[in-house]
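Below: one structure, written as structure tokens.
The values are calculated or read from the model by the stated rules, or taken from the named source; none is laboratory data. All figures in this text were calculated on a predicted structure; none of them were measured in a lab. Note that each Cβ is placed from the backbone with ideal geometry, even for glycine, and that neighbours are counted across all protein chains shown. Surface areas here come from the heavy atoms of the whole protein model, side chains and all, with no ligands, DNA or RNA. Shrake-Rupley method; radii C 1.70, N 1.55, O 1.52, S 1.80 Å.
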Amino acid sequence: MREAALLLTLSLWCAAGVTAAGAQRAPAPARPPRSAPLANLRYELSFDSASAAERTIRVALSFDVAGPGPVLLSFPAWTPGAYEITNFARWVNNFAPTAGDRRLAWDKLDFDTWRVQPAGARSITVRYDYVADTLDNAMAWSRPDFVLFNGTNVLPFPEGRDFDFPATVTMKTQPGWLVATGMASGPAPGSYREGNYHDLVDKPFFVGRMDVDSMRIENRWHRLATYPAGAMSGAPRSLLWDQIGRMVPAMSAVFQETPWDTYTTLLIFTPDVGGGSALEHGNSHVGIYNPGFIGSPVLASITAHEIFHAWNVKRLRPHDLWPYEYDEEQETTWLWVSEGITDYYANLALVRGGIIDSVEFMAMTDQKIDEVAAAPPTALEDASLSTWIGPTDGTRYLYYPKGSLAGLLLDILIRDGSDNRRSLDDVLRETYRATYKKGRGFTGRDWWDAVARAAGGRSFAEFNARYIDGREPFPWSKVLPLAGMRLVTDTIREPTLGIATSQDSGAIVVREVAPGSVAAEAGVKVGDAVLALGDVAIENPNFGPAYRARFGRSEGDSLPIRVRRGTEIVTLSGTVRLGERLESRLAPAPNARGKAVRIRNGIVRGVTGR
Ligand SMILES: [Zn+2]
């Protein structure tokens, strides 16, 4: 998962994360409920302009009952990769089980489990409607000519049974509409088949009018599906194809393997969101972006992040996420590796693939250093655990930038300990082979042993205790010189506003206004959606730099603040006030030579050795 909320890259006053509803379950009964065994599961889904008018996917699930007792059908509570409880059963309507012409009795066992009484029936069809009204890459969203849905939304599983059941999905739509998914084709036209439930719910669908094209990359088909049709064509489409064609080989080189048969990138561009976010799967990902992201480097960076997840988290996965469980939170201390190190490699893939240069790579790293500095000291393990409850102190997603920086530190220390003969690449590749390839998740022992081996036997127990499990500031001044770099701190003068914001349904919404600030004096209110500051639109993917360039030297000038308040657009009159802030940046150390320079070059080029 990766989100880019445009305004959050700004240093206004502080940036608050979005809040999420937690969920509580009743205490588990002594014996966990277990469905009658089911076989031959066939999910038939239909979506056309008639069901689109009701924002509904119609589903008919048919199966054979292979044993006694009631049938228990449960819907997932979350989608792996989006670490929050959503309870997809909320969107299930008109649940109706039948056996031939006979209606079957049903009730609910708990809030996301339906209990059907077969009453002797051997073959059952359950019909229901799923309301596709939520614009979120883990959920289902429809337009008059299109739907996005995830298997976790619409495909229930037999409660308490093995997830190793094969199943067929048939997608019915109207002539002329396309279907794009990473799901494996089944025997009949429009049918798909997977060997187990984990794979079944890991293959989201786009159905409707869209643009789809394909390219061979690393000897595999890569497919790009974009909605709405015409949204991304011509030069920006060619640019993204060129970038994907460069980033994938740089990632495959880390693992010396490309793990998919085909890979599908599924992108929605809509002004209904102000930022961009995306969610990974084993052979696809879904991204939802404001159209302002088309052609921007942020789109390339998030795309690289999601594709790298095909290795890191979808395959190389912490033991506490293996296997995925769908009916409750699955806490892990390892999101700093699964998300943070993925983010490190997303940027490495861009620089190693020649999409950005090493100066831009450093600038992306600088931003992460500033993000971490602005947050309360938080252990990476604690940030990983806490994401499920959405802490309100701004640390909910801290494991992205801080985990990425931990990756850089480890990379330098491993290269230093091995005379640049090995790198963090070796740790990922070795752990991938020793755990994922053996059908299991990695433990702390697997990870830290691989790190120590790569670093020539050096112990990382203290590093773990201080910087991963602990809250100590990262030891930049000790580690950066090993890679011929240093951290320079500048004092930046920039226009301040005095609001804390969060992203809500795509809008940048004011959550707090600092007393006496520019925003307070202009009359900005909590709940306003910020649209533009002066002539700089909030949707501009380069908002931060553009805003600073426009107003960074205009103390006392007028600053029109355009907001949406309820249904009205209001322009408030503010005044530019400059404030000071410390900003860190990585710079080459002037006297670096020999090994340190080899390490610095090795990181951005993806090479080891002398
Ligand atoms: Zn991610």
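Miscellaneous remarks
- The percentage of C-alpha pairs in segment 207-331 whose separation is greater than 16 Å is 63%.
- Based on C-alpha pairs under 8 angstrom that are at least 6 apart in sequence, the chain has a relative contact order of 14 percent.
- All-pairs alpha carbon distance profile, the chain, 10 Å steps from 0, percent: 3, 16, 25, 26, 18, 9, 3, 0, 0
- Here each label is just a point 7 Å from Cα along the line to Cβ, and for residue 465 and residue 272 those points are 5.2 nm apart.
- Three semi-axes describe the equivalent ellipsoid of segment 461-589; taken as square roots of 5 times the Cα gyration tensor eigenvalues and ordered largest first, they are 36, 19, 13 Å.
- Taking every Cα-Cα distance in segment 308-407 and sorting them into 5 Å bins from zero, the calculated P(r) comes out as 3, 14, 21, 22, 18, 13, 7, 3, 0 percent.
- Remark on segment 402-528: ratio of C-alpha radius of gyration to 2.2 N^0.38 Å is 1.57.
- Whole-Hz ³J(HN,Hα) from phi, Karplus 6.51 cos²θ - 1.76 cosθ + 1.60, for segment 135-148, glycine and proline x: 7, 7, 5, 9, 10, 10, 8, 10, 10, x, 10, 6, 9, 10
- Check: the chain dipole with +1 on Lys, Arg Cβ and -1 on Asp, Glu Cβ, in debye: 1280
- Stokes-Einstein D in µm²/s, Kirkwood radius over Cα pairs - segment 426-465 at 25 °C with 0.890 mPa s viscosity: 237
- Summarised as an ellipsoid, segment 162-214 has semi-axes of 22, 12, 9 Å, derived from the eigenvalues of the Cα gyration tensor scaled by 5 and square-rooted, with the largest first.
- Kirkwood Rh in Å, taken over all unlike Cα pairs in segment 352-460: 15.6
- Only helices enter this figure: runs of n ≥ 4 DSSP H residues, each worth -39500 (n - 2.57), summed and divided by the residues of the chain, yield -7500 deg cm²/dmol at 222 nm to the nearest 500.
- Screening the chain for whole DSSP H helices with an alpha carbon extent of at least 20 angstrom along the helix axis and a mean Kyte-Doolittle hydropathy of at least 0.0 yields 234-255, 358-374, 399-417.
- Spin-label pair residue 50-residue 358: with each label point 7 Å from Cα along the Cα-Cβ axis, the two points sit 6.3 nm from one another.
- Surface composition of segment 245-295: carbon plus sulfur atoms contribute 47% of the solvent-accessible area (1.4 Å probe, protein chains only, all chains present).
- Fully extending the segment from residue 492 to residue 525, taken as 0.36 nm per residue of separation minus the present Cα-Cα distance, adds 9.1 nm.
- Compactness of segment 368-412, expressed as Rg and Dmax over alpha-carbon positions, Å: 10.3, 33
- By accessible area, using a 1.4 Å probe on protein heavy atoms only, segment 87-134 has 44% of its surface on carbon and sulfur.
- Normalised by residue number, the volume inside the convex hull of the Cα atoms of segment 89-145 is 116 Å³ per residue.
- Ranked by the mean number of other Cβ atoms within 10 Å of their residues, highest first, the peptides 570-576, 258-264 fall in the order 258-264, 570-576.
- Subtracting the Cα-Cα distance of residue 453 and residue 238 from 0.36 nm times their residue separation leaves 73.2 nm of extension gain.
- Cα-based Rg of segment 63-127 normalised by 2.2 N^0.38 Å, two decimals: 1.25
- Where N is the number of residues in segment 113-202, Cα Rg divided by 2.2 N^0.38 Å: 1.21
- For segment 152-254, the pair-distance distribution built from all alpha carbon pairs, in bins 10 Å wide starting at 0, is 12, 34, 33, 18, 3, 0 percent.
- Contour excess over end-to-end distance, with Cα ends at residue 62 and residue 373 and 0.36 nm allotted per residue: 106.6 nm
- Taking the 1.4 Å solvent-accessible surface of segment 484-528 as the whole, the part contributed by carbon and sulfur is 47%.
- 3J(HN,Hα) along segment 102-113: 8, 7, 9, 6, 8, 8, 9, 7, 8, 5, 10, 10 Hz, from the Karplus curve 6.51 cos²θ - 1.76 cosθ + 1.60 with θ = phi - 60°, whole Hz, x for Gly and Pro.
- Each peptide in 193-206, 37-50, 403-416 was scored by the mean count of other Cβ atoms within 10 Å over its residues; highest first, the order is 403-416, 193-206, 37-50.
- Calculated FRET efficiency, residue 605 to residue 578, Cβ-Cβ distance, R0 = 30 Å: about 0.15 to the nearest 0.05.
- Residue 191/residue 320 FRET efficiency (R0 30 Å; Cβ-Cβ; nearest 0.05): 0.30
- Per-peptide average of other Cβ atoms within 10 Å, ordering 559-568, 543-552 highest first: 543-552, 559-568
- Taking all Cα-Cα distances within segment 259-376, those exceeding 24 Å account for 34%.
- Surface accessible to a 1.4 Å probe, residue 558 within the full protein complex, Å²: 80
- Accessible area per residue for the chain, computed on protein heavy atoms with a 1.4 Å probe, is 40 Å².
- Using only side-chain charges placed at the Cβ, +1 for Lys and Arg and -1 for Asp and Glu, the dipole size of segment 284-350 relative to its Cα centre rounds to 480 debye.
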